Amino acid sequence: MSQDATPDCCKVGRTITSYDLFDFNAELQRRRTTGSSLRGLAEFTNTRVVERALEEASVDLIGDPADIYETLTADEIRPSQRKGLESKLRQQDVDVEQLRSDFVSHQTIKTHLNECLEIDTSRASTVDFERERGTIEWSQARCEKVITQSIDRLQQANELQTGSLHITQTVRVTCADCNRTYKLNDLLEEQTCDCYDRARLGNNTD
Ligand SMILES: [Zn+2]
Ligand SMILES: [Zn+2]
């Protein structure tokens, strides 16, 4: 296993060092080999960071590290819920700003794997993933525009009486096999559902 990365190779290396994440490069490599996506690895890393920060602050358990990480970062979390958690953490002497700035992105993980651990994360594919993603984004933007125009007409005709409205639509997809529902954007990032968590994509690591 490549464990040759220096402690300060990049942000991931510094995180491993400062949070004292034991044997973490080997763990990243193992997870990558068994099919974890880059996004999955970033979440795994950040959850470990949260866990360690809670341990260091000797916090009486105020929640599952994965839940805490999600509440701090996920788009769909209500601001009031996030603020509530943040002030709870601060009361327990957790430096929330520091914690947040230590989180790594999936792009940072990719660079760490590619450049520090020399693990190839490219994927051979016959379709152009980015082009398909572009088509999906285009059609979503188009759809939001059409909905917005209709809503505007309804407002002008006084058929809708509201403050100014901002339309966002979230496309959800459900796998009929594992029965899990994903936001389309998440699925495109993750590229696997629960059925394929530990297999298929991204096996060309070495
Ligand atoms: Zn690195
Ligand atoms: Zn599935």
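Here's the yes/no breakdown for (1) at pLDDT below 90; (2) over 18 Å from the mean Cα position of the chain (by Cα); (3) under 21 Å from SER37 (Cα atoms):
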{"position": "THR148", "(1), (2), (3)": "no, yes, no"}
{"position": "ASN158", "(1), (2), (3)": "no, yes, no"}
{"position": "GLN191", "(1), (2), (3)": "yes, no, yes"}
{"position": "ARG200", "(1), (2), (3)": "yes, yes, yes"}
{"position": "ASN203", "(1), (2), (3)": "yes, yes, yes"}
{"position": "ASP206", "(1), (2), (3)": "yes, yes, yes"}
Quick check on the range 11-54: of everything there that is without any contact (Cβ under 8 Å) to a residue 24 or more places away in the chain and aromatic (Phe, Trp, Tyr), which residue is surrounded by the most Cβ atoms within 10 Å (Cβ to Cβ)?
PHE44
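Only residues that are near ligand 1 (Cβ under 6 Å from one of its atoms) and either modelled with pLDDT under 95 or among the β-branched types (Val, Ile, Thr) (or both): list them for the range 1-12, please. Reasoning before the result, please.
Let us first name the residues in the range 1-12 that are near ligand 1 (Cβ under 6 Å from one of its atoms), namely 5, 9-10, 12.
Across the range 1-12, the qualifying residues are ALA5, CYS9, VAL12.
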Return the only residue of LEU184, LEU160 being of a type in the set (A, V, I, L, M, F, W, C) and more than 16 Å from ligand 2 (Cβ to nearest atom).
LEU160
Considering only residues that are surrounded by 11 or more Cβ atoms within 10 Å (Cβ to Cβ), under 30 Å from ASP186 (Cα atoms) and touching a helix residue (DSSP H, G or I) at 6+ places or on another chain (Cβ under 8 Å), which ones fall in the range 143-168?
LEU165, ILE167
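The values are calculated or read from the model by the stated rules, or taken from the named source; none is laboratory data. Given the structure is predicted, the values throughout are model-derived calculations rather than measurements. Cβ coordinates were reconstructed from backbone atoms using ideal geometry, including for glycine residues, and neighbour counts include every protein chain displayed.
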